[in-house]
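K.L.:
Here it is: the structure, laid out below.
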Amino acid sequence: MSSLSAKTNYGSVPSIDNESSNTTTDGAAGECDGRRWVGEKRPTRQSAWTAAPLLLGLVFLATLLTTRPQPFPTLLKSSMNDAAHDEDTALFYEDQLLDHVDTSGSDEVWKHRYYKSTEYFRGPGSPIFLVVGGEGALNNGMLYPFVTQHLAKRFGAAVVQPEHRFYGPYQPIPFGEASTSQLLKLLTPEQAMQDMLRLVTVHMHEKGQDFEGCPPDRSDPDYCPLITIGASYPGFLSAMFRTVYPDVVDAAYASSAPLLMYAQVSDSDAYYDIVTKAAERSSPGCAHSVRTTLTEVRDMVLEAPSLADAAELVGVCTEGEMFPKSITSQNDLADALVLMAVYGFANYDMGVYPPGPHTSMYKICQAFQDPELDSIDTLKWYFKSQIMANYEEEYDCDMKSVHCNPDDEMAYVKEQYGECFDLRPEMDDSPEPILSEFDGISYDDGFSWNFQTCTDVIFLAGQSQTSMFVPKEATYEDLTKMCQDEFGTDVTPRPWELVDRWHFDDLVGDEVNASRILFTNGMQDMWSGGSYLEDLSDSVLALNFENGAHHSDLTHAGPSEKDTDDIREGHAKITEILGMWIGEIKEGK
């Protein structure tokens, strides 16, 4: 099944919609004990298409959501001394607090999934790398081989990777049962960060656990420095761990972390301007061809005798109930088709590494630039390319532990795209809800991420006159309307709440005076437009990679011979900087 909602590798941010957006949870008011909803409706999934004019940059989602159950690793209760475990074995902390902020009336707990690798851990006195979970399920074990197989080996470190609350199948409140008021309290960066700290600093230091011998006193020679690592939204969280909890977290490594976007101080047009530049770099002339093709498609749709004629012209399914109910005019259809390209190119931008003809960005540019294809044929080719991209994301083909078969991929495309293209999933018009399933449990990561990007993890992404897309301004007014259409009037975006509290718009100012934070950025990545690109002090540093895309230094496949020289040099520099900081921490500096 195709999807307009741009979905990408883990650590990306975020999606205006995703395949699971068809889910509705609009049950009538009812009663339930404990933490479940009582006397109020749960959030209702409205058509996220209303968000399209605004959140064009919300390109997301960690793991493609699908009705197919995904293969999953062994599941164990928490047993940190179990020698049989490996880094892809799921463990559970069964006493994680439901609410870390308001503890006045509840001691409820939930089962928190995480992974660990102690293959190279040298015991007390050695570092602990906390790989921060983010906006997607962790169904395939550890994310970053550079951490588990390179940094951990170099420093004799343990690696712990907790899942972010309300993502994946194991949630504090079962999917679909949390009310809006509960989500407003519980689905926040602060709650997620405190989950992870409680897991690492309390549970894993208990008697019989791996870090039992690591004292809290930094002057003790057995002290185990705690370093957070994350990419994209988890990169933001990694930096926040160091600034918000400096007495607990000793250093942070934040890749493709858009702090300045979340702080509302970066240029909102930079996002798609960078996508345009990356497309042009990948294949000179691409931007002009994309703009020309999309303009021609739009004109032909608008000039068709009727909506049915326009749909038939572009190859969209119209038989029976297959045409999206939310498209009621030719203008709606034209907007939908153009936005598919917007989402798709943003998705391709994050994967434009290593650069070259193998990237999806290059291939899609070549289609748009093919003189043998007219605009309609190019659009149909694009439909198929989106389905192929969805397959690779659905089955986590970029994960080192997952191997995808090209024949299966082509069979998938043939199955999903017959004589016409089913646009309903793109428009939230599918007749049945489409959820992810794992271990027999259904969930919807896109719902959780959309909720976060409608509450306190806010950014705008517009399209400037110089981008290859139709110019469009992004506004908070449009964002508010979209969010309230989807989640109800109790949900209002709070763009400045986090930055006013944590001051990450000025990390070296009097309010924060941060230290030991390393930012890394791929300059082909649209998120670099909202990241720190320069050193702020002698210990708040930035490394930029000209050839890099979205967290190219932290890929799911790990360092390889395919890496460009700047990424190879970056890996060496990252190792050097972390080593210097670990030494300083051990020396009590």
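K.L.:
In whole Å, how far is the Cα centre of the stretch 474-494 from that of the stretch 188-205?
P.N.:
30 Å
K.L.:
Where Lys and Arg each count +1 and Asp and Glu each count -1, what net charge lies around residue 138 among other residues with Cβ under 9 Å from its Cβ?
P.N.:
Values: positive: 113; negative: 163.
Combined, the nearby Lys, Arg, Asp and Glu give 0.
K.L.:
Stokes-Einstein at 20 °C, 1.002 mPa s, Kirkwood radius from Cα pairs: D for the stretch 85-179 in µm² s⁻¹? Walk me through the intermediate numbers first.
P.N.:
On the way: Rh = 14.5 Å.
Translational diffusion coefficient: 148 µm²/s.
K.L.:
Here's another thing I want to ask about it. So between residue 584 and residue 546, what do we pick up on full extension, going 0.36 nm a residue minus the alpha carbon distance? Walk me through the intermediate numbers first.
P.N.:
Values: separation 38, 0.36 × 38 = 13.68 nm, distance 2.99 nm.
This chain segment gains 10.7 nm when fully extended.
K.L.:
In whole angstrom, how far apart do the alpha carbon centroids of the stretch 128-186 and the stretch 503-545 sit?
P.N.:
23 Å
K.L.:
How long are the semi-axes of the ellipsoid equivalent to the stretch 293-365, from square roots of 5 times the Cα gyration tensor eigenvalues, in whole Å, largest first? If you can, show how the numbers build up before the last one.
P.N.:
Working: eigenvalues 171, 33, 21 Å².
In descending order, the three semi-axes are 29, 13, 10 Å.
K.L.:
How much length is gained if the chain between residue 212 and residue 332 is pulled fully straight, taking 0.36 nm per residue apart and subtracting their Cα-Cα distance, in nm to one decimal? Walk me through the numbers on the way to the answer.
P.N.:
Details: separation 120, 0.36 × 120 = 43.20 nm, distance 6.01 nm.
Value of the extension gain: 37.2 nm.
K.L.:
What does the convex hull of the alpha-carbon atoms of the stretch 449-517 project to on average, in nm²? Show your work: numbers first, answer last.
P.N.:
Working: hull surface 27.3 nm².
With the hull built on Cα positions only, its mean projection is 6.8 nm².
K.L.:
A further question follows. For the stretch 516-589, report the translational diffusion coefficient in µm²/s to the nearest whole number, using Stokes-Einstein at 37 °C, 0.692 mPa s, and a Kirkwood Rh over Cα pairs. Display every interim value, and only then the final one.
P.N.:
Values: Rh = 13.0 Å.
The diffusion coefficient I find is 252 µm²/s.
K.L.:
Further question on the same structure: Which whole-number value in Å² is the accessible area per residue of the stretch 255-294, probe 1.4 Å?
P.N.:
For the stretch 255-294, the solvent-accessible area averages 32 Å² per residue.
K.L.:
To continue, here is another question. How do the peptides 263-276, 159-172 rank, highest first, by the average count of neighbouring beta carbon atoms within 10 Å per residue?
P.N.:
Working: 263-276: 21.6, 159-172: 24.9.
Those peptides, ordered most packed to least, come out 159-172, 263-276.
K.L.:
Once the piece of chain linking residue 104 and residue 319 is laid out straight, how much longer is it, given 0.36 nm per residue of separation minus the C-alpha distance between them?
P.N.:
Details: separation 215, 0.36 × 215 = 77.40 nm, distance 5.67 nm.
Length difference between fully extended and current span is 71.7 nm.
K.L.:
Within the stretch 134-177, whose backbone N sits under 15 Å from a point 7 Å along Cα→Cβ of residue 439?
P.N.:
137-142, 161-175
K.L.:
Still on this model: Semi-axes of the equivalent ellipsoid for the stretch 451-589, please: Cα gyration tensor eigenvalues, times 5, square-rooted, ordered largest first, whole Å.
P.N.:
Working: eigenvalues 220, 102, 37 Å².
Listed largest to smallest, the semi-axes of the stretch 451-589 are 33, 23, 14 Å.
K.L.:
Quick check on packing: order 462-473, 240-251 by the mean number of other C-beta atoms within 10 Å, highest mean leading.
P.N.:
Details: 462-473: 18.0, 240-251: 20.8.
Going by the mean number of other Cβ atoms within 10 Å, highest first, we get 240-251, 462-473.
K.L.:
Right, here's the next one. Around residue 274, what is the net charge, scoring Lys/Arg as +1 and Asp/Glu as -1 over all other residues with Cβ under 11 Å from its Cβ?
P.N.:
Charge balance near residue 274 sits at -4.
The values are calculated or read from the model by the stated rules, or taken from the named source; none is laboratory data. None of these values were measured; they are calculated from a predicted model. Reconstructed Cβ throughout: ideal geometry from the backbone, glycine too, with neighbour counts over all protein chains shown. Just the protein is used for accessible areas: all its heavy atoms, side chains included, with ligands, DNA and RNA removed. Shrake-Rupley method; radii C 1.70, N 1.55, O 1.52, S 1.80 Å.
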